[in-house]
Amino acid sequence: MPKWFHLPGRRAIGPLAMLWCRAAAATPEVLAHDARSAGIGATGVAFADDASATQHNPARLQAISHASFVVGLTVAAAHQEAPVLGPNQKSTSDIVAVFGMMGGAYRLTPRFVLGLSVLPASGSAGRYELPNGTEASAAVWTAEAQLAVSFALLDNLWLGVVYRPSYVRQDIKTPTSLADGSIFQSKTTLDTFNFVGASVGIYYEPIRGTGIGFAYRSRTSHSTSGTADTPQGSLPARSHVATPDKFNLGVAQRLLDDTLLVSIEGSLAMSPWIDSATTTTLDTPNGPISQVTVTNDRAYWEAKVGGEYWIEKHWAVRAGLTLGNENTRLGYASPFSSPPVDLTVTPSVGVGAKFGHWMVDAASAYQFGRGAHVESTVNGFPGDYRARAVSGLLTLRYLY
């Protein structure tokens with residue numbers, strides 16, 4: 001929360017004065033939008049063979065014979081515990097989010113394929129009900145369009161490039177105690193469009209059945225603006241949201257006459273390369289008031305493995321495992337950041353069915369409960385942190 005809530009006769013409740021800025025930090029990405037990838041451990045950089053390749057590796061659009069269409073639905077539920085009201089007090093947040101994606105791709109020539117997808121790229125949210133009937137909540141999410149082109153340099157060497165315009169929105173609610181003892185529920189809404197973002201990918205198949213994929217996704221930077229409802233009225237506000245550069249490298253191997261696929265993938269997101277501080281500014285009648293919050297997010301990695309087995313070429317079963325860490329440093333934990341732990345475990349399972357050119361896929365992933373105890377934080381939220389999440393995905397695909 002910016003400093004303007006510390007006006008004479010007014011105070012933010014407890015340590016909630018820092019929630020606003022911490023919610024503007026870099027937000028976690030959505031690991032997979034299509035159920036097939038999610039079931040195989042959120043991998044895909046070396047085997048995606050439909051329009052979802054715009055996200056995983058645009059070079060893999062070359063796997064499409066003529067055309068592809070994908071539409072998907074994801075339901076995610078997250079539970080988080082954090083010391084919102086003090087080190088020895090536990091508050092809980094339960095969030096259910098529903099979002100979708102859609103994409104298509106078409107082969108123009110024997111060497112060129114075009115693709116277009118629209119999907120949510122990253123996001124985080126939390127909502128804590130407080131004893132006085134108010135709430136402390138924040139949601140930050142980014143959606144983007146992916147306009148891709150893939151070119152076959154050789155029959156076994158493909159390149160791809162994606163242009164990624166994006167939109168980001170922040171919604172934050174926090175209570176403020178007034179001099180007369182009443183409570184004011186503030187609300188801040190910020191958003192913006194960004195037209196600078198790209199991804200590139202390469203795919204190489206040294207021998208039939210063995211694929212090597214590499215993809216790079218550039219950072220995005222969003223200068224958001226909007227309004228903040230304060231005890232003084234609705235005032236203009238502005239802040240900043242960024243997503244990090246990310247590198248993906250994977251290998252996929254087909255076995256048993258192409259009925260078995262094994263995929264291994266590693267990812268590295270470079271949060272330290274983006275701004276380590278968020279400046280939030282409110283334009284008051286007496287001039288602008290700014291607060292700088294150091295987020296200091298660390299690089300985070302993912303190691304993923306998964307497999308897919310086709311039964312009579314019409315029914316598929318899938319399973320995978322993702323290991324990783326959180327990008328929150330120990331001293332920078334807050335109720336709206338992931339717990340600052342060094343290892344997360346996310347198993348996944350999935351199934352698929354093929355009917356001619358149509359395929360229906362379903363998958364589920366569960367991130368085990370994880371937690372950490374923080375003795376002190378620069379944001380004023382020491383105490384115990386714990387979180388877990390589960391997601392379900394359903395995808396309809398068409399390949400021709």
Next on the checklist: Regarding the stretch 316-325, can at least one residue be identified that is in contact with a helix residue (DSSP H, G or I) (Cβ under 8 Å, 6 or more places away or on another chain), buried (at least 19 other Cβ atoms within 10 Å of the Cβ) and of a type in the set (S, T, N, Q)?
Outcome noted: no
Item to check | Count of the stretch 165-192 residues which are within 24 Å of P120 (Cβ to Cβ) and touching a Gly at 6+ places or on another chain (Cβ under 8 Å) | outcome: 7
Next on the checklist: If I go through the stretch 228-264 residue by residue, how many of them are under 30 Å from L282 (Cα atoms), hydroxyl-bearing (S, T, Y) and crowded, with 16+ Cβ neighbours inside 10 Å?
Outcome noted: 3
Next on the checklist: Can you tell me how many residues within the stretch 297-316 are assigned to a strand (DSSP E or B), aliphatic (A, V, I, L, M), within 29 Å of K246 (Cα to Cα) and without any contact (Cβ under 8 Å) to a residue 60 or more places away in the chain?
Outcome noted: 1
Next on the checklist: For a quick check of your reading: which strands (runs of 3 or more DSSP E) sit entirely within the stretch 175-261 and have at least 2 residues that are of a type in the set (G, A, S)?
Outcome noted: 198-207, 210-217, 220-230, 233-243, 245-255
Item to check | Lone qualifier among T322, T328 - being of a type in the set (V, I, T) and part of a strand (DSSP E or B) | outcome: T322
Checklist entry - When the stretch 83-102 is examined, which residues are found to be touching a Gly at 6+ places or on another chain (Cβ under 7 Å), in a strand (DSSP E or B) and over 30 Å from T54 (Cβ atoms)? => result S93
Next on the checklist: For the stretch 111-142, which positions are in a loop (DSSP other than H, G, I, E, B) and either modelled with pLDDT of 95 or more or among the hydrophobic types (A, V, I, L, M, F, W, C) (or both)?
Outcome noted: R111, L130
Next on the checklist: Go through the stretch 132-177 and report how many residues are of a type in the set (A, V, I, L, M), out of contact with any Phe, Trp or Tyr (no Cβ under 6 Å at 6 or more places or on another chain) and farther than 27 Å from L119 by Cβ.
Outcome noted: 2
Checklist entry - Would you say V168 is among the aliphatic types (A, V, I, L, M) and surrounded by fewer than 16 Cβ atoms within 10 Å (Cβ to Cβ)? => result no
Checklist entry - Only one residue in V351, V360 is modelled with pLDDT of 85 or more, among the aliphatic types (A, V, I, L, M) and touching a Ser or Thr at 6+ places or on another chain (Cβ under 8 Å). Which one? => result V360
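The values are calculated or read from the model by the stated rules, or taken from the named source; none is laboratory data. The structure presented is a predicted model; accordingly, all values stated were derived computationally and were not measured. Quick reminder, even Gly has a Cβ in these numbers, built from the backbone with ideal geometry, and neighbours come from all protein chains shown.
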